[in-house]
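One structure below.
The values are calculated or read from the model by the stated rules, or taken from the named source; none is laboratory data. Keep in mind the model is a prediction, meaning the values are calculated, not measured. Here the Cβ is made from the backbone with ideal geometry for all residues, glycine too, and neighbour counts use every protein chain on show. Heavy atoms of the whole protein, side chains included, go into the accessibility calculation; ligands, DNA and RNA do not. Shrake-Rupley method; radii C 1.70, N 1.55, O 1.52, S 1.80 Å.
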Amino acid sequence: MATGIAMILLAILLISFEPFAATDLAVEPALGPNPVNQIGFSLAGMLAVFAMLTFADRRRTLALADIAWLPVVACLMFSASNAPDPAGATRSVLFTLIVVVICAGVLALPHSPAALRRVFTAVVLAVLALSYFGILFLPDAAIHGAGGNEAQHEGLWRGVFSHKNVAGPVMATFLFYGIYLMRCGGRWAGVAIIVLAGIFVIQTGSKTTNGMIPLAIGAAFAGRVFASRWLPVLLIVVSVASAATFTIGTAVSPWAAGIVEATMDDPTYTGRVTLWAVGLENIAARPWTGYGFDGFWLSPVVTDSFLPIDADWDYREIVNGHSNYIDMALFMGIPAAAIVVFVLCVRPLADFLRCRPGRDNRRLADFFLMVLTFVLLNSMLESSWFRRADPTWVMMIFAVLGLRLTARLNLR
């Protein structure tokens, strides 16, 4: 019963209640409340809480609890109250927190690592099967077309997900899961997941995602090769700092911009440098409180601003800043953003260092570390944090909570 409920919850998170529903990440019109998602995720949240209280091992549930999330919730609620639409922002925050609870339920309900693998294997294969079914038989829904404001994505795969920039990162995390499954004895299923997810990542056309996958795998396994727990953490810190320098840093540093121009075909990162420059400029204008949750992009501050003639994008119609780090500072202010980065980025690395010595703990921690590393790097270029049920955000929550679990409980 517990394993079955966990499968249902994970399928809801990754497949959603509206699979194959495309969105345009360049221009996303303001939509009203979606009753399907509101009712569906509310019921899923209640199911997760009920199942954790009745079917879950209490030790696993308590191991997932972390008092550090309290200041994060406080920062989110303050940011929502400071938003142009406080009611709508508060609703978004509450649904985001419901998704976090559902993720905790998925990890708490299985009573063993083998049961957890059954949950993830079944759902990951289901997502891959649905996505490939869409590619073969529903191409108009599963493959980007030439219409809309992102005609340049024509022919790129997105499967059941809303956009190729969502499909690519999620499929990358599936590839990491395939590696973990192979290490645990599930060779054929692991190989199938690696091959299918790897092909899908390539077909999303994301060169950045393809480049980040080896970095995430290498950082996680460096510690096993050299028998050091600190080495993976050191490599991750260096990788994230380097990525920040040569992505966001190009918006403020001529030196970094010059190196990128000399080594990359598109030094603007598809126009993102313009967005980052605008974001950094406005962070400096409101460094303490920000503009409120989801309160900057598409707001009058941006839509009524003057567009420079040399801008790579018309950022007045952009739905997000294509950087989690910049968007957090824009929405919450620098102090609150620092708290969020500590809980989502720094604390999980500390949990990895404190991982219990059992084989199951180590292998599961390596999987979650690969996911975390990938999302931290991808966050330089995309925005997904606290975006309700965004699958990339869901996988990051699994990584954060999963590393907490491996540090506090012996998994047998």
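Does segment 241-266 hold any residues that are open to solvent by 30 Å² or more (accessible area, probe 1.4 Å) and within 14 Å of Leu377 (Cβ to Cβ), and which are they?
Within segment 241-266, Ala241, Ser242, Ala244, Thr245, Phe246 meet the criteria.
Collect the residues in segment 50-100 that are farther than 20 Å from Leu409 by Cβ, under 24 Å from the mean Cα position of the chain (by Cα) and open to solvent by 50 Å² or more (accessible area, probe 1.4 Å), keeping them in residue-number order.
Pass one, segment 50-100, residues farther than 20 Å from Leu409 by Cβ: 50, 70-99.
Right, trim to under 24 Å from the mean Cα position of the chain (by Cα) and you get 70-80, 83, 88-99.
Scanning segment 50-100 gives Leu70, Pro71, Ala74, Met77, Phe78, Arg91, Leu94.
Within segment 238-268, track down each residue that is of a type outside the set (Gly, Ala, Ser) and either touching a residue at least 60 places away in the same chain (Cβ under 8 Å) or in contact with a strand residue (DSSP E or B) (Cβ under 9 Å, 6 or more places away or on another chain) (or both). Full working, then the answer.
Step one: of segment 238-268, the residues of a type outside the set (Gly, Ala, Ser) are 238, 240, 245-248, 250, 252, 254-255, 259-261, 263-268.
Within segment 238-268, Val240, Thr247, Ile248 qualify.
Looking at Ala311, Ala389, which one is outside any helix (DSSP H, G or I), more than 26 Å from Phe78 (Cα to Cα), modelled with pLDDT under 90 and among the small types (Gly, Ala, Ser)? Quick ask: steps written out before the conclusion?
Details: Ala389 fails: more than 26 Å from Phe78 (Cα to Cα).
From the options Ala311, Ala389, the qualifying one is Ala311.
Take Ala192 and decide whether it is on the phi < 0 side of the Ramachandran plot, among the aliphatic types (A, V, I, L, M) and open to solvent by less than 10 Å² (accessible area, probe 1.4 Å). Working first, answer last.
Values: on the phi < 0 side of the Ramachandran plot: yes; among the aliphatic types (A, V, I, L, M): yes; open to solvent by less than 10 Å² (accessible area, probe 1.4 Å): no.
No; evaluated as a whole, the condition is false for this residue.
Yes or no, residue by residue, for (1) over 23 Å from the mean Cα position of the chain (by Cα); (2) surrounded by fewer than 16 Cβ atoms within 10 Å (Cβ to Cβ); (3) farther than 20 Å from Met7 by Cβ; (4) of a type outside the set (A, V, I, L, M):
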{"position": "Ser112", "(1), (2), (3), (4)": "yes, yes, no, yes"}
{"position": "Ala115", "(1), (2), (3), (4)": "yes, yes, no, no"}
{"position": "Ser162", "(1), (2), (3), (4)": "no, no, yes, yes"}
{"position": "Gly168", "(1), (2), (3), (4)": "no, no, yes, yes"}
{"position": "Ile179", "(1), (2), (3), (4)": "no, no, yes, no"}
{"position": "Gly211", "(1), (2), (3), (4)": "no, yes, yes, yes"}
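Taking the conditions exactly as written (in contact with a Ser or Thr (Cβ under 6 Å, 6 or more places away or on another chain), surrounded by fewer than 22 Cβ atoms within 10 Å (Cβ to Cβ) and not in a loop (DSSP other than H, G, I, E, B)), does Arg316 satisfy them or not? Working first, answer last.
Numbers: in contact with a Ser or Thr (Cβ under 6 Å, 6 or more places away or on another chain): yes; surrounded by fewer than 22 Cβ atoms within 10 Å (Cβ to Cβ): yes; not in a loop (DSSP other than H, G, I, E, B): yes.
For Arg316, the condition - in contact with a Ser or Thr (Cβ under 6 Å, 6 or more places away or on another chain), surrounded by fewer than 22 Cβ atoms within 10 Å (Cβ to Cβ) and not in a loop (DSSP other than H, G, I, E, B) - is met.
Inside segment 344-395, can you point out the residues that are of a type in the set (S, T, N, Q) and either under 22 Å from Ser206 (Cβ atoms) or within 17 Å of the chain's Cα centre (by Cα) (or both)? Write out each step before concluding.
Here is the first cut: in segment 344-395, the ones of a type in the set (S, T, N, Q) are 361, 373, 378-379, 383-384, 392.
Thr373, Asn378, Ser379, Ser383, Ser384, Thr392 - these are the residues of segment 344-395 that are of a type in the set (S, T, N, Q) and either under 22 Å from Ser206 (Cβ atoms) or within 17 Å of the chain's Cα centre (by Cα) (or both).
Right, Tyr291: within 19 Å of the chain's Cα centre (by Cα) and modelled with pLDDT of 85 or more or not? Before the answer, list the steps.
On the way: within 19 Å of the chain's Cα centre (by Cα): no; modelled with pLDDT of 85 or more: yes.
No.
Answer yes if at least one residue in segment 319-342 is more than 24 Å from the chain's Cα centre (by Cα) and open to solvent by 10 Å² or more (accessible area, probe 1.4 Å), and no otherwise.
no
Which ones in segment 222-249 are touching a Lys or Arg at 6+ places or on another chain (Cβ under 9 Å), within 15 Å of Leu369 (Cα to Cα) and modelled with pLDDT of 90 or more?
Listed by number, the list holds a single entry, Pro232.
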